[in-house]
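A.B. asks: Got a structure for you, written out below as structure tokens; questions coming shortly.
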Amino acid sequence: MWMRAATAYRTSFVLLAAASLLVCSLDFVVLLLMFHHTDRLGGWRLPEIGLLYGTAGIAIGVADFLLGTVDGLGERIRTGALDTLLLRPAPALSMVCAERFTLRRLARPAQATAVLLWALHALDLHWSWDKVLLLAMMLVCGPVIFGALFVGLSSVQFFWGEARELQNSATYGGATLLQYPPDVFARDLLLGVTFGVPLAFVNWLPTLQILGRPDPLGLPVVCRFAAPLVAAAAAGAAGLAWRAGLRAYRSTGS
């Protein structure tokens, strides 16, 4: 229904989609401007950072496309709109995520895919089975990890209605963080996004293995292949958080 509504005015839809694509491209334009004045950032060349940018953009883009509207949960709780969804014979999470669904959100993963393809061509890597596996893992597990963050942190709004920015800082802010090499960040931050919010498994650790780079934290090599386990654990934790929130929900009270 939302897709039909969005495409009912085709010119408006095309203009909005083009604007979304332009806005998404500005992050990479910033990187291009940086490399206009230097040939390396934290020891990484532009194509190597392009690999980080592309995989991070696809991960957050796919998760945002499928689950991004869940961040409006707090508003639905305040207005009582969530009660209407709970009365319907369908999973509440699927309906929350489907509400105001829009194809314009495909602009981010589409732009990130273009950058990723350019980076892979420019790097001229010698592919082996483990590198192909790691690239596939990033493209599959990255959206799952970000999707788990969308759902898990949105569930906080069942208890704290103004927690939307908490989720945004971990999802959109985390995606921006992953566009840059880990070498430019402090060790404490790297520990936080590895063992706290598991963003490092989205692309940092697998990319280190693909490019043959050392890990700033000195973690075992097996950690670079742990994305599927981390994604499964994150999805399970997000599901538990969502169910706990639904069980605690007592309507808006208005």
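Values in this text are rule-based calculations from the coordinates and carry no lab data. All values derive from a computational prediction rather than experimental measurement. When we count neighbours, we look across all protein chains shown, and the Cβ atoms used for this are built from the backbone with ideal geometry, even at glycine.
A.B. asks: Just for the Cα atoms in the stretch 79-130, what are the lengths along the principal axes, largest first, rounded to whole Å?
C.D. replies: Result for the stretch 79-130: principal-axis Cα extents of 55, 26, 15 Å.
A.B. asks: In deg cm²/dmol, rounded to 500, what helix-only [θ] at 222 nm does the chain give when every DSSP H run of at least 4 residues adds -39500 (n - 2.57) and the total is split over its residues? List each step's numbers first, then the result.
C.D. replies: Numbers: 12 runs with 166 residues, N = 254.
Result for the chain, helices only: -21000 deg cm²/dmol.
A.B. asks: Determine the gain in length on full extension of the stretch Trp2-Ser169; use 0.36 nm per residue of separation and subtract their C-alpha separation, reporting nm with one decimal.
C.D. replies: 57.4 nm
A.B. asks: Run a plain Debye calculation on the stretch 45-171 (Cα atoms as equal point scatterers, no solvent) and give log10 I(q)/I(0) at q = 0.12, 0.16, 0.18 Å⁻¹, rounded to two decimals, same order as the q list.
C.D. replies: The calculated log intensity ratios at q = 0.12, 0.16, 0.18 Å⁻¹ are -0.54, -0.81, -0.94.
A.B. asks: Pick out the long, greasy-scoring helices in the chain: whole DSSP H runs spanning 18 Å or more along their own axis by Cα, mean Kyte-Doolittle at least 0.5. Please list the in-between numbers first.
C.D. replies: Values: long enough: 10-34 (37 Å, 2.06); 46-67 (30 Å, 1.49); 107-123 (24 Å, 0.93); 129-154 (37 Å, 1.83); 164-178 (21 Å, -0.29); 227-248 (31 Å, 1.03).
Helix filter hits for the chain: 10-34, 46-67, 107-123, 129-154, 227-248.
A.B. asks: Another question about this same structure. Sort 199-206, 230-237 by packing, meaning the average of other beta carbons within 10 Å per residue, with the highest value first.
C.D. replies: On the way: 199-206: 27.8, 230-237: 17.1.
Answer by packing, highest mean first, reads 199-206, 230-237.
A.B. asks: Okay, moving on. 7 Å from Cα along Cα→Cβ at both Leu21 and His37: what's the point-to-point distance in nm?
C.D. replies: According to this spin-label approximation, the distance is 3.1 nm.
A.B. asks: According to a simple spin-label model (label point 7 Å from Cα along Cα-to-Cβ), what is the distance in nm between Thr11 and Ala244?
C.D. replies: 5.2
A.B. asks: Binning at 10 angstrom from zero up to the longest distance, how are the C-alpha pair distances of the stretch 144-254 distributed in percent?
C.D. replies: In whole percents, the pair-distance histogram is 13, 41, 28, 12, 4, 1.
A.B. asks: Only Lys, Arg, Asp and Glu count, each charged at its Cβ (+1, +1, -1, -1), so figure out the dipole size of the stretch 102-254 about its Cα centre, rounded to 20 debye.
C.D. replies: Working: 11 positive and 7 negative charges, 105 e Å.
With Lys and Arg at +1 and Asp and Glu at -1, about 500 debye.
A.B. asks: Now for a different question. So, in nm, how far is label Arg104 from label Asp124 when the simple model puts each one 7 Å beyond its Cα toward the Cβ?
C.D. replies: With each label point 7 Å from Cα toward Cβ, the separation is 4.2 nm.
A.B. asks: Could you work out, for the stretch 1-115, what percent of all Cα-Cα pairs fall into each 5 Å distance bin, beginning at 0 Å and stopping at the bin that holds the largest distance?
C.D. replies: 2, 11, 16, 16, 15, 13, 10, 7, 5, 3, 1, 0
A.B. asks: Taking every eigenvalue of the Cα gyration tensor of the stretch 123-192, multiplying by 5 and rooting it, what semi-axes result, largest first, whole Å? Kindly include the intermediate steps, with their values, before the conclusion.
C.D. replies: Numbers: eigenvalues 177, 55, 16 Å².
Working from the Cα gyration tensor, I get semi-axes of 30, 17, 9 Å.
A.B. asks: Quick check: Cα centre of the stretch 198-226 to Cα centre of the stretch 1-61, how many Å?
C.D. replies: So the separation of the two Cα centres works out to 24 Å.
A.B. asks: Arrange the peptides 46-56, 119-129 so that the one whose residues have, on average, the most other Cβ atoms within 10 Å appears first. Don't skip to the answer; put the middle values down first.
C.D. replies: Working: 46-56: 24.2, 119-129: 12.3.
In descending order of packing, they fall as 46-56, 119-129.
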